[in-house]
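Reviewing the structure listed below.
What follows draws every value from the coordinates through simple rules; no lab data is involved. From a predicted model like this one, the values you see are computed outputs, not experimental measurements. Glycine also receives a Cβ, built like all others from the backbone with ideal geometry; neighbour counts cover every protein chain displayed.
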Amino acid sequence: MHFGHFLSHSVRMPLAAPRANGPKTVEVIKTEEKGSDVNLAAYLLMDAFEKDCDTAVVISNDGDLKEPLRMARDLLRIKVGVVNPHIDGNRSKALAQYADYYKVVRPAALARAQFPLELIDNRGIFHKPPSW
């Protein structure tokens with residue numbers, strides 16, 4: 001797994017429907033993911049180029065990844081699968097066209113894949129955080 005990171009900062013944005021006598025903008029906290037798609041594309045192509053895999057599975061719905069997927073499949077000749085993590089089924093047509101298979105994470109499958117609320121290791125009992 002290769003991770004990016006999130007940045008949050010305050011930014012002023014225009015209101016979609018400002019009131020006639022009200023402010024035209026509002027200050028919001030904007031959170032942006034940085035680096036994940038670039039890291040994923042770089043390692044996908046490196047693994048394919050080095051022949052470290054014959055199949056890659058990309059968990060994303062980001063259409064910006066279509067060119068690395070195309071290159072891995074069409075130029076480097078590996079199979080490419082896409083798993084869309086958006087359970088609403090919003091399908092990236094850009095990714096689907098370069099995938100040998102395309103699947104959507106089903107809510108029931110995601111629920112079955114969760115760890116129990118309480119686990120035990122060599123240090124004792126620990127609990128899944130409530131926010132999960």
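Before moving on, here are some points about what is shown:
- Ranking ALA99, PHE49, ASN39 by Cα position along the charge dipole of the stretch 34-107, where only Lys, Arg, Asp and Glu carry charges on their C-beta atoms, puts ALA99 farthest toward the positive end.
- Those chymotrypsin sites (Phe, Trp or Tyr not before Pro) in the stretch 1-43 that DSSP places in a loop and that have at most 13 other beta carbons within 10 Å: PHE3
- Paramagnetic reach from LEU7 (point 7 Å along Cα→Cβ, amide N under 20 Å) across the stretch 21-58: 27-42
- Environment charge at VAL26 (Cβ cut-off 13 Å; Lys +1, Arg +1, Asp -1, Glu -1): +3
- Per-selection metrics, the chain (Cα): Rg and Dmax in Å: 20.2, 63
- If you wrap the Cα atoms of the stretch 69-132 in a convex hull and average its projected area over all directions, you get 6.9 nm².
- Taking LEU95, LEU117, LEU45 as the candidate residues, the one with maximal mean-square fluctuation in a Gaussian network model of the chain, Cα springs under 10 Å, is LEU117.
- Ellipsoid semi-axes in whole angstrom, largest first, where each is sqrt(5λ) of the Cα gyration tensor of the stretch 34-107: 20, 13, 11
- Value of relative contact order over the stretch 34-107, rounded to a whole percent, pairs C-alpha under 8 Å and six or more apart: 30
- If you take all other residues with their beta carbon under 13 Å from the beta carbon of GLY35, and give Lys and Arg +1 and Asp and Glu -1, the sum is -4.
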